[in-house]
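One structure is given here, and the rest of the page talks about it.
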Amino acid sequence: MKATKTLTFLLAALTMTACSYDDSELRNQINQNTERIAALEAWQAETNTNIQSLQTLLNTTDYITAVTPIVENGVEVGYTISFLNSPAITIYHGKNGDKGDKGENGITPQIGVTQGGDGNWYWTLNSELMTDEQGNPIRANGETGATGASAPVPQLAMGANLTNVTTDTQGNAIAPDAIYLSVDDGRNWTRVSGEKGGNFFSSIDTTNPTQVTFILADGAIFSIPRYTSIKLTFSQDSIQLLYGTDTEINFTAEGSTQFTLDNLYTVTPDGWKVSIALTRTTNTAFTMTVTAPADAESGTADGEILVMLNNGQGNTTIGRVKVTAVKYTIENNAEGSLLTATSLQPGELATAIGNRSRLDNITVTSGSINEADWAAIKNNYRHLKVLDLAGATYTGTDSNSIIYSNGNLSPGEPSLVNIKLPQGITGLGDEAFYHSDLLISVTLPDGLTSIGKRAFQYSFNLALINLPDGLTSIGENAFYRTSLSTITIPKEVTSIGSEAFYDCSDLNTVTCLASNPPTLGVDIFLDCETLTSIYVPATSVDSYKAAENWSTWADKIVAIEP
């Protein structure tokens, strides 16, 4: 009975004890274990991201375009690294958010890389090289391939999932709740979860405008170049050029101070030419010379010049300049209104002039003009100061007696100062430039054979004129009261009209190249008070002195000096 009572009390005691058992400690342990596993899994995700990102950074040939902080709950925990041509990556540095469990012997296993003497990067653990079964260091950069030669894809795994592995690289048993790393395609596993989780990016230096520097926790440092945006800026985005002419355009290249001509490439429309020169030592300023086609048959009239700038970082920007080749341009400046034309067909100059009657300068560099064009030119007689037709050819029906002035104009009309007449004119008509008070210089074309009566009479300021070879006759009063100081009369001249050089008070010397004295009118050099010498061929001195009307000036006739 006694034993039975004792057993009864014991059961009662056990029953009472079971009813009042406190399991809070067990629950705390379970909760802690759950939190720990969750923390490990979170750390595993971050670490896996970091490992993959580190390998990407070591392998990339791309350029970084942006480094953007990642903020969680107001705390910076990492960065997003954006690239020019590749997908963005994420790295975590673990600030104020370290996770993980304590590793073997209370240490924090630290994953890292180190650069070998061959320039390649190799995986390290706690600053020691990770090696394969043969003892070769394992590459962290390069393509997936043979162990020890290139870089396999890193792997992270919970110990519970390593069912075919019993020990890690340190010889310790695989712990189900620890995290392990393999950098050799799963042949060897190293425990990497520890007291602070092993986040191995220490910091990032973004202060350098040309590169981003990464500092790992183990002290390893490497840099990735930044992408620098580039831009071309031109002083003008369109130009209009006469056929066969050129101009300069300035432009700047932004994005580097190291650009050279090797960074620039051009594409031009058919017939256009471009050359580029560096204009400053900063390698940012350039000058581009653009040349239009010689004529409408030599190239495209309209198009674009493309200037391509390659920054050597895999990016090219294109600058565009619209170009147009034209036959004439009209420019207004401080000196007046200037019309310049080229490659003209007969009648096109008249079209270009149109109703304009206040042109100060008309220049034709090439092409043909006719009587309609000449009439349009004369319409500007009150304002036209410069007429340069030396590059043109006259095809009008009145080429043997071309006239600009009609002899009925007031002093100062026309207002011409300088004139160059076109080829194709064979004669100046009577009073062609009569009373051109302001005229200073005249260029006559080859092939001109005659100068009409009073052609330049009262052109008081005329000081320079060429009489071309082939000229045969000079009309009376042709240069009456001009400012010529010297004149050479071609050898083909056979007649000079009366008073041709009358009252040329500045005339000092006359050279007559004809072997036979030209027929001379009366008073040809009357009132030429400064005339000192009339030069003639040495073998013709006597015949000149004896010739009618030449004899009046016999004392001034001398042989041409050798």
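No value in this document is a laboratory result; all are computed from the given coordinates. Since this is a predicted model, take the numbers as computed values, not measurements. Note that each Cβ is placed from the backbone with ideal geometry, even for glycine, and that neighbours are counted across all protein chains shown.
State whether the range 335-403 is rounded, prolate or oblate according to the following rule on the C-alpha gyration tensor (a ≥ b ≥ c being the square roots of its eigenvalues): a/c under 1.5 gives rounded; otherwise a/b larger than b/c gives prolate, and the remaining case gives oblate. Taking the square roots of the gyration eigenvalues as a ≥ b ≥ c, the range 335-403 is prolate. For the range 214-254, the residues whose amide N sits under 14 Å from a probe point set 7 Å from the Cα of S275 along the beta carbon direction are 246-249.
Compute the separation of the alpha-carbon centres of the range 531-558 and the range 323-390 and state it in Å as a whole number. Measuring centre to centre over Cα atoms gives 45 Å. Computed from backbone phi, the HN-Hα couplings of the range 537-552 come to x, 4, 7, 10, 4, 5, 5, 5, 4, 8, 6, 4, 6, 6, 4, 4 Hz, rounded to whole numbers (Karplus: 6.51 cos²θ - 1.76 cosθ + 1.60, θ = phi - 60°; Gly and Pro given as x). Counted by Cβ distance under 14 Å from N164, the other residues give a net charge of -1, where Lys and Arg count +1 and Asp and Glu count -1.
A cut-off of 5 Å between modelled amide H atoms, ignoring neighbours fewer than 5 places along the same chain, links Q457 with H435, Y480.
Measuring r between the beta carbons of T317 and A45 and using R0 = 30 Å, the FRET efficiency lands at 0.15.
What net charge do the residues around E476 carry, taking every other residue with its C-beta under 11 Å from that of E476, with Lys and Arg at +1 and Asp and Glu at -1? Surrounding charge for E476 is -1. The listed peptides 204-212, 122-130, ordered by packing as a protection proxy, come out as 122-130, 204-212 (highest mean of other Cβ atoms within 10 Å first).
For the range 469-562, relative contact order (Cα pairs under 8 Å, six or more residues apart, normalised by length) works out to 24 percent. Set the Cα radius of gyration of the range 231-325 against 2.2 N^0.38 Å, with N its number of residues, and you get 1.08. Phi angles across the range 47-63 convert, under the Karplus curve 6.51 cos²θ - 1.76 cosθ + 1.60 with θ = phi - 60°, into 3J(HN,Hα) values of 5, 4, 4, 5, 5, 4, 5, 4, 5, 4, 5, 6, 9, 5, 10, 8, 10 Hz, Gly and Pro given as x.
The residue list G521, A463, I425 was ranked by how far each Cα lies along the charge dipole of the range 410-547 toward its positive end, using unit charges on Cβ atoms, and I425 comes out on top.
In percent, rounded to a whole number, the relative contact order of the range 231-325 is 36, using alpha-carbon pairs under 8 Å and six or more apart. The relative contact order of the range 386-533 comes to 16 percent, based on Cα pairs under 8 Å that sit 6 or more residues apart.
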